[in-house]
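Asks: Please read through the structure below; I'll follow up with questions.
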């Protein structure tokens, strides 16, 4: 009996050991499968990302190719009739059918960004001038844009192709395009597998974003992706340079970047419109997708293993029951494991909460810093405005006291002029910054001589340099192309800011150098110039050097606090340089001076030395262009009217003042040809404003209605105000306060067949 019991006991132990062995083998298999799964994820992340990028590229290429094919149908239609009218039934029916079929808005574009819809609505497309240049050079484009029409704004994705010149309602157009709903393209390119956590970008050949699935007004303007990633410290300087070369070479690939927050960056070229597709996805998101797939495989395997174990458990059920003590021990073990797992999960949650708290703290600190910067700016600006205003008010009292002393009055008038110009400079800085932040800076390109440009800067700063007993050395090296095409006004603003800072922050007797060099480039269309503005002045600390290009920032010291400024000059300069496709950097050491470097490409123009000489001869022959001219002026402010009358009288001109647009219209219609040479039109007036009056004059039956020059003369100095003036059929725009030199240049330009706008103080 005892032997039988011993045998049975041995059998039970044997069976129990077999069950434990099978459980152990199952655990080993599961661990092996998990290890293989992790290895699969690490090895296949890049290839998975590459496949996704290729899929997006194919989807986008297919869709956009369809857009361009649709536009080519319109191009073929336009080529049959070079002169079109949007009102004819044939044209209306064709364009309406096209828009219905494509589910988008058809627009016709000019080289300056002005456009008209197929329905006849005139609009302005807010887009970088380089893209307009690409259209002009025969490239297709695709870009997120903002349409400005009828005092409304609308965002959309513009697809456009170049076309031979054609005329609609008397105006010349060189491209056709269509605007699609941004959300439609987002939906087509949506990456469902990544649960909307992928960042898509299309970049032009300068690395600026032309499309993204992210929201934000900044993407509607020139916005460099690589610079943004550098600013977010998501990419190093070396990595940014490497990717810039890869993008330029039209390469494809996937890279794993970021040490603290790793992410995949996939890229490939889009041939249809000369752009680069970039897709950015956090490594964790890609890993989770692959992990979900592996989990499915692993779950199936575990399920099968579990089924087998259950079979064995059923066979050995009788011997699987352990003693009560063993069961209790097992229960306590499981309870401890669950407790440990719960503690680990809580630790993870606590870490996430801590991370979220840190992010919120950083955001709060950033907001507080920004608020402090703007508060400091308002304080500085209040001080800087009050200083020249105090001088103007005080010197006005002195003029009244010394009215009989002509020499004193002239001296006082000069000081008032200096203070007024400084006050106007402060206002212009604020206006410029607001236009830049709103993305409404308008660039006007024309041919100019780079050597004359340098000479003009030398002339402008000669007096300031002389007064501080400083020396300005100008060095020109390897200037192969004198004549270039660019926005001379904004270039002048850039280097005026840099040279003005050099003069202000350099002691008396100091040295300033302006170095200009044409660099080597493979392009036959563009010339690359390197500008250096250096001095041996105060210099700046390392901390301030990192923030010098931020808005509302100024260096704080006993010396710099005595120097007036808004803290906007360098921010404006950097934004203008980058908007023109250039770069700006600074090297400085406290007490040793500073050196600013500007690299920018300008389109090569034909040599116009002879033409310039002829123009100078013409200007000299013209002399005082205002002498003998008769003006019809609209001005509702009595004091401004009196000042304008006297200023024109000094120049030998006559003027008739009208208080509103309706009076100007009546005076013009009642005048004989030759009574008035030109109309100076205020904009904001009672009864009838300047825009309405101009349109009424152009519609009148007077024989000079279409040809008499009309200049807008208004305090409205934003770019949209200038565009409204030109859209109302005015010839030019001059901002108040009016400088007679600016008015003379504008009149001379109109008489020579030019036009455009001039802004006082710029």
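What follows draws every value from the coordinates through simple rules; no lab data is involved. What you see is a predicted model; the values in this text were computed from it and never measured.
Asks: Want the number for residue 184 to residue 543: 0.36 nm per residue separation, take away the alpha-carbon distance, what's left?
Replies: Length gained, residue 184 through residue 543: 124.7 nm.
Asks: Follow-up question, since we're still on this one. Along its three principal axes, how long is the range 623-758 when you only count alpha carbons? Whole Å, largest extent first please.
Replies: Computed over the Cα atoms, the extents are 35, 34, 33 Å.
Asks: At a threshold of 8 angstrom on Cα-Cα distance, excluding pairs fewer than six apart, so keeping six or more, what relative contact order does the range 446-609 reach in percent?
Replies: Computed value for the range 446-609: 26 percent relative contact order.
Asks: Moving to a separate point now. So what is the relative contact order for the range 193-282, in percent, with contacts set as C-alpha pairs under 8 Å and at least six apart?
Replies: Values: 140 pairs, mean separation 27.2, N = 90.
After rounding, I find 30 percent.
Asks: Next up: Which Rg and Dmax, in Å, describe the Cα atoms of the range 446-609?
Replies: When restricted to Cα atoms, the range 446-609 yields Rg and Dmax of 16.0, 50 Å.
Asks: Please list log₁₀ I(q)/I(0) at q = 0.11, 0.13, 0.15, 0.19 Å⁻¹ for the range 193-282, using the Debye equation with identical point scatterers on the alpha-carbon positions.
Replies: Evaluating at q = 0.11, 0.13, 0.15, 0.19 Å⁻¹ gives log10 I(q)/I(0) of -0.28, -0.40, -0.54, -0.89.
Asks: Given the C-alpha centroids of the range 101-178 and the range 463-524, what is the distance between them in whole angstrom?
Replies: When both Cα centres are located, 37 Å separates them.
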